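Below is one structure, written out as structure tokens; comments come after it.
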Amino acid sequence: MRLKSFKAMHSQVRNIHYEDDIRYSLQMCQWLLQSIRVWPLVYEGANRLEQAISVIVMTACFTLLFFIIVPSGHYIFYVEKSLNMKVKLLGPVGFCLSSTIKYCYLSLKGSIFKRCIEHMKRDWRVVQDPNHRTIMLKYVAISRRLITVCAVFLYTGGMSYHTVMQFLSKERSKSNYTLKPLTYPGCDWFLDEQSSPTYEIVFLSHCLAAVVMYTVTTATYSLTAIFVTHICGQIQIQITKLQSFIETREMHDNRDHFAVIVHDHVQVLRFSENVEEAMRAICLIQIIESTVNMCMLEYYCMTEWGNSDVIAVFTYSTLLISFTFNIFMFCYIGEILSEQCSLIGTVSYEIDWYNLPSKEAYDLILLIAVSQYPPKLTAGKIIELSLDTFGSVVKASVVYLNLLRTVTN
């Protein structure tokens, strides 16, 4: 009977601002996923027409990405002889490849993300206390700020690399180039890429592919940020309920009040498991991608600094800051998730439990015991995302940088 009452309670709409709140919490993620047409695959309610449009747009996006990967990969491994040029091209093409893998994952695992989004919608639907709603909105604001910073750095550095740097870099201005610049070489074996309008079409396709790459990267980050900050908001609500547990025992049945806390805490843990399952592959790709890209960008910055190329140094530095910030926030989010879920055990001990009857005080042991094993955000169930992991990634990028400099010199 108690389980049925919980289900009935969680099926009722108790937040009159529910629709506006869920729209606000998912807005930035929706913009990003909608632009690459993944949103209809992860959000319930998409009709057949929207799904058909998604298939068409996603096919076009994959075509743009493979238009970079295939010709440039052939050029790097079979045409270009200079090791320095190979290294210079390997970073951008490798990032394109990792973005394509993440795009495939988002497309194929829409059901997992849909389950997480439905859980978020249910939490927003049943929140009743205005103070609890304020807590949830505070964490939504945090996630939106993080996504905005990520997008600004990534798009600024990325689009500068694909446009401004190609025309204004010192390397180009010093040389007597008669060829029109392209970000990714390799199309000349099947196209006359220097003639008009072929050049303009190829250049535009490279820029559009860059937009797809940076949108996919920002979208994966936005999903992680939104899900984890939502978990943190729910945990903070449980902490607030625990802290008011003693004060409200005269107004409510203590057993029922505590049962609601435990039930909601179990729901948060289940949501955490779903989020970890949905994001573990993306986090693994992100760890590998960030380590390689940070190494490459550090090498590019040092090379262009030696060439006194201000435009190139600025572009590569912006991208380096972006990738460093992204992996830092992934690791920081993982750290916060474990820390917040462990905090509920500390709060269970710090409340005035000694004022409770002994049988009721014993119930708090359950929360304390569960909090000793908090959920963790992992990369492929191999690496736990934490601040220690971020330090390891930075150290690894420097080690690979030294190895790369040794090989290229």
Quiz item: (1) over 24 Å from the mean Cα position of the chain (by Cα); (2) hydroxyl-bearing (S, T, Y); (3) surrounded by 15 or more Cβ atoms within 10 Å (Cβ to Cβ): which one isn't true of Y354, the others all being true?
Solution: (3)
Exercise. State all residues of region 298-316 that are open to solvent by 20 Å² or more (accessible area, probe 1.4 Å) and over 15 Å from S397 (Cα atoms); if no residue qualifies, say none.
Key: T303, W305, G306, N307, S308, V310, I311, V313, F314
Quiz item: In region 330-345, what count of residues is obtained for those that are closer than 20 Å to S397 by Cα and open to solvent by less than 10 Å² (accessible area, probe 1.4 Å)?
Solution: 2
Exercise. Under 8 Å between Cβ atoms, at least 6 apart or on separate chains: pull out the pairs that start in region 114-140 with a residue that is over 22 Å from L33 (Cβ atoms) and end on any residue that is hydroxyl-bearing (S, T, Y).
Key: N131/T240; H132/T240; I135/T240
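Got at least one residue in region 266-278 being of a type in the set (D, E, K, R), at pLDDT 90 or above, open to solvent by 40 Å² or more (accessible area, probe 1.4 Å) and in contact with a strand residue (DSSP E or B) (Cβ under 6 Å, 6 or more places away or on another chain)?
Restricting attention to region 266-278, the residues satisfying the condition of being of a type in the set (D, E, K, R) are 270, 273, 276-277.
Now restrict to residues that are at pLDDT 90 or above: 270, 273, 276-277.
So of that shortlist, the ones also open to solvent by 40 Å² or more (accessible area, probe 1.4 Å) come out as 270, 273, 277.
Next, only the ones that are in contact with a strand residue (DSSP E or B) (Cβ under 6 Å, 6 or more places away or on another chain) stay: none.
Looking through region 266-278, none of the residues is of a type in the set (D, E, K, R), at pLDDT 90 or above, open to solvent by 40 Å² or more (accessible area, probe 1.4 Å) and in contact with a strand residue (DSSP E or B) (Cβ under 6 Å, 6 or more places away or on another chain).
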Exercise. Please state which of the following conditions L97 fails to meet, knowing it meets all the rest: (1) open to solvent by less than 30 Å² (accessible area, probe 1.4 Å); (2) of a type in the set (A, V, I, L, M); (3) under 22 Å from the mean Cα position of the chain (by Cα); (4) over 30 Å from N15 (Cβ atoms).
Key: (1)
Self-check item: Selected residue (criterion: modelled with the lowest pLDDT) from residues of region 117-137 that are out of contact with any Ser or Thr (no Cβ under 9 Å at 6 or more places or on another chain) and open to solvent by 30 Å² or more (accessible area, probe 1.4 Å)
Solution: Q128
Quiz prompt | Residues of region 362-404 that turn out to be open to solvent by less than 20 Å² (accessible area, probe 1.4 Å) and either in a helix (DSSP H, G or I) or on the phi > 0 side of the Ramachandran plot (or both), as a count | solution = 7
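Could you please let me know if F167 is over 24 Å from E118 (Cβ atoms), surrounded by fewer than 21 Cβ atoms within 10 Å (Cβ to Cβ), of a type outside the set (G, A, S) and modelled with pLDDT of 90 or more? Full working, then the answer.
Working: over 24 Å from E118 (Cβ atoms): yes; surrounded by fewer than 21 Cβ atoms within 10 Å (Cβ to Cβ): yes; of a type outside the set (G, A, S): yes; modelled with pLDDT of 90 or more: no.
So F167 fails the test.
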Quiz prompt | Flag if I321 is touching a residue at least 12 places away in the same chain (Cβ under 8 Å) and either surrounded by fewer than 17 Cβ atoms within 10 Å (Cβ to Cβ) or not in a helix (DSSP H, G or I) (or both) | solution = yes
Quiz item: For region 1-36, what are the residues that are assigned to a helix (DSSP H, G or I), open to solvent by 60 Å² or more (accessible area, probe 1.4 Å), in contact with a Lys or Arg (Cβ under 9 Å, 6 or more places away or on another chain) and modelled with pLDDT under 90?
Solution: S11
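Can you tell which of E335, E350 is modelled with pLDDT of 90 or more and either acidic (D, E) or more than 28 Å from V87 (Cα to Cα) (or both)?
On the way: E350 fails: modelled with pLDDT of 90 or more.
Only one candidate passes the filter, namely E335.
The values are calculated or read from the model by the stated rules, or taken from the named source; none is laboratory data. A quick note: this is a predicted structure, and the numbers were derived from the prediction, not measured. Positions of Cβ are generated from backbone atoms using ideal geometry, with glycine treated the same way; all protein chains shown enter the neighbour counts. Heads up: the accessible areas ignore ligands, DNA and RNA and are worked out on the full protein's heavy atoms, side chains in. Shrake-Rupley method; radii C 1.70, N 1.55, O 1.52, S 1.80 Å.
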